[in-house]
Every structure is written in structure tokens, then in C-alpha cells.
Amino acid sequence: MTLITLFLYMVAELSALQQIVTALTGLDGLPAVIVECAVTTIYTSLGGFKVSFVTDNIQGVMVLGLIIIGVITVGVETHIDRSLIDSSGYLESSLLGWQLIYILPVAILTNDFFISGFWLRTFASRTDRDLRIGTTIATVVVTIILTLVGCTGLLAAWSGVWPGDPPQEGSIAFFTLLATLPAWVVGIVLVMVVALSTAAFDSFQSAMVSTGSNDLFRNALPLWCIRAAVVAAIVPVVVVALRSPSVLQVYLISDLVSASLVPVLVVGLCDACWWWSGAEVVVGGLGGIFTVFLFGTVYYCNARDGGRLILLENGLYGDDWSAFGAFVAAPVGDAVCGAGSAGVEEGGE
């Protein structure tokens, strides 16, 4: 599951880079994707995970720089059409807004269980105190950054920049807004975006290879095999990224699969449930996915749309209960099927 999650994150990262480059420059983003993959593959295969710690520092600097430049230039250059504020309806309560209060915490919390980069950095902490300090600082900083970046979606809509013609993905509204700024700002932002994407991508790349080497081969592979795996893993990622219709959909698929697995995994972490085995995890995970299919089949009254709900092809922004129901059905089905498997196993003994 960790490998699948990392694969989807790598796909989303490349897909996002391609869309952002196109939005900022009007050019095809494919060359940027190819160059990034080549560069990260070379230095990751040679330097390993230690390089990621160096690029993480670069990533932090670039994020702060991007936020500072974005806040200043957007504040000075962006002009809000006040008539669009009321007509957009974004300040009014909505069904989706209430649904996201549940969906986002469940999606993010469960998916983070399978991000190897987080766990590798956790184990790399010198002490528990260092870990607590680091996570506290990161929480505050990330909250501020997400608030600022999230508000740019409102600004893009109220200034008439988004959705644009042709319509742009809502997930890149921030960069759609930045694309209207002076050329020198766009140039700086483009450099920062590529640096950010590269720093994030090499972390996923090294984490994926490290996880595969440890979990599948128990670190028995020679070094040259690990380096070859770094190169080989990039090919399917690029192919899928170029065909992925939406960055958000890629993340949602990963989130839904995670929500179908984490409840039974958490049970296994409890000392009182020492008897909880891998069978419950497998049965619970498959049961969670199947429960989403059952919900979709009943909700849409046909099995085809029930199967499409597993891929969340309608995204989050449909004016219905499909996405919300999927994220409820996944953990509930997971827990019920896992408990049922444990009951059957206990009864058999």
C-alpha cells in the first residue's frame, strides 16, 4: 500500500508540474517533466536518501520565497471585482463545505500513514523532543501556508481570472492567478515551482525505492540493483502522469484506498489486540473497497457507476453525496470486514 501511495504521489507531482508550466507560460509542460525526472533520477540513484535532506532545506526556502512574493505581488497587482463576490456564492454555506469538514481530515490523516518520507524523517529524529518540536513548528508553518494559498482560489475567482478560457483546473487556481502578474514575477515563480517540485519528487522517489528494498527484499539487494530500481520506477510514473486527467483525482484515489485500510491497521497497534493478524488487515482493506462499490451501486442504481466511484471520477465537486458516502463507506466497511474476519478466525480456533 505504501508503494501504491508513493507511486500516485509521484504521478500527481509530475502531472501538477506539467499543468503549472502550461498555465504560467502557455507552453507544453512535457519537457519540464522530462528534465526533472532525468535530474532527480541521476542524483537520487547516486546520493540516495541523504540527498533528500539537502533538497528539503531548498524546498523550505523556496516555499517561503514563493509565499512572500505571491502575497506582495498579488496584493499589489490583483484587482477584485466586487460584483463577483456575491454572485460567486463562495462565502455562503454549501453542501460540499459541510462534507469537506469530514472528508479532508479522514483523507489526509489516513493517507499520511503510507507516506514513507514522513516515517523516514520521524525515525531520523535524534530524540522524541526534537520530533515534537519539529512537528509543532511544521504544523504552524503549514497551516499558515495552506491558508494563504487557499485564499488565492477566492481571489482568482473574484478577479475574473479563474476559471478562465479555456477553463483551468481549480487545483492550480493559485498559479492561474500568478500568471496574470508581470513577466518578471512569473519567471521567478516558475523557477521556484520547478525547484519545489524537484525537491518533493526526489523524496517520493527515494522513499519508494527504499520501501521496496526493505519491505519486499529485506535489504538483500546489492547497491547497483537499488540504483537500477530508481531508474526503472520513473518510466511508469511518467506514462501515467501524462495520461492522468486531474491532479486532485489522483490524490483522491490514494486517499480513498488509505481510508479503506487504516482503521484495521490502527487496531493492530493496540497492545490489547495482540491477536490481530495480517488476515484482518487484508480482509478489512478489500472489504472497505468493496463497500465503496456497494454504496455506489445502490446510490447510482447501477454497478458501472458504482465501480467508477472507486476511482472518484466525478471528483469532490459534484452536487451530491457520492464522494462523502465513499469516504464513509470505506472505513466503515474496513472495520466491519476486519472484525468479521477476526470473529471467523476466533470461531474456527
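Some values worked out for this structure:
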{"quantity": "Residue that is modelled with the highest pLDDT, among those in region 4-62 that are of a type outside the set (A, V, I, L, M, F, W, C) and loosely packed, with under 14 Cβ neighbours inside 10 Å", "calculated": "Pro31"}
{"quantity": "Residue within region 33-43 that is more than 20 Å from the chain's Cα centre (by Cα), within 26 Å of Ser254 (Cβ to Cβ) and of a type in the set (S, T, N, Q) present", "calculated": "yes"}
{"quantity": "Pairs, first part of a helix (DSSP H, G or I) in region 226-253, second surrounded by 20 or more Cβ atoms within 10 Å (Cβ to Cβ) and basic (Lys, Arg), C-beta under 6 Å, six or more apart", "calculated": "none"}
{"quantity": "Residue among Asp271, Asp255, Asp215 that alone is of a type outside the set (Val, Ile, Thr), touching a helix residue (DSSP H, G or I) at 6+ places or on another chain (Cβ under 8 Å) and not assigned by TED's automatic domain parsing to the domain that holds Ala12", "calculated": "Asp255"}
{"quantity": "Leading residue by the ranking (surrounded by the most Cβ atoms within 10 Å (Cβ to Cβ)) among those in region 309-325 that are modelled with pLDDT of 90 or more and not hydroxyl-bearing (Ser, Thr, Tyr)", "calculated": "Leu309"}
{"quantity": "Matching residues in region 116-153 - criterion: being aromatic (Phe, Trp, Tyr) and surrounded by 13 or more Cβ atoms within 10 Å (Cβ to Cβ)", "calculated": "Phe118, Trp119"}
{"quantity": "Output for region 249-288, where each listed residue is touching a Cys at 6+ places or on another chain (Cβ under 9 Å) and either exposed (fewer than 15 other Cβ atoms within 10 Å of the Cβ) or over 18 Å from Thr2 (Cβ atoms) (or both)", "calculated": "Val267, Trp276, Glu280, Val283, Gly287"}
{"quantity": "Which numbered condition Glu77 misses (of (1) touching a residue at least 40 places away in the same chain (Cβ under 8 Å); (2) acidic (Asp, Glu); (3) surrounded by fewer than 18 Cβ atoms within 10 Å (Cβ to Cβ); (4) under 27 Å from Val238 (Cβ atoms))", "calculated": "(4)"}
{"quantity": "Thr211 assigned to a helix (DSSP H, G or I), polar (S, T, N, Q), surrounded by fewer than 22 Cβ atoms within 10 Å (Cβ to Cβ) and at pLDDT below 85", "calculated": "yes"}
{"quantity": "Top-ranked residue of region 108-146 - restricted to ones that are of a type in the set (S, T, N, Q) and in contact with a Ser or Thr (Cβ under 6 Å, 6 or more places away or on another chain), ranked as farthest from Ser52 (Cα to Cα)", "calculated": "Thr110"}
{"quantity": "Subset tally (residues that are part of a helix (DSSP H, G or I), within 20 Å of Val230 (Cβ to Cβ) and not aliphatic (A, V, I, L, M)) for region 16-64", "calculated": "14"}
{"quantity": "Subset of region 17-46 [under 28 Å from Leu216 (Cβ atoms) and touching a helix residue (DSSP H, G or I) at 6+ places or on another chain (Cβ under 7 Å)]", "calculated": "Val33, Glu36, Cys37, Val39, Thr40, Thr41, Tyr43, Thr44, Ser45"}
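The values are calculated or read from the model by the stated rules, or taken from the named source; none is laboratory data. The model shown is predicted, which means the values in this text are computed figures rather than measured ones. Don't worry about glycine lacking a Cβ; one is built from the backbone with ideal geometry, like all the others, and counts go over all protein chains shown.
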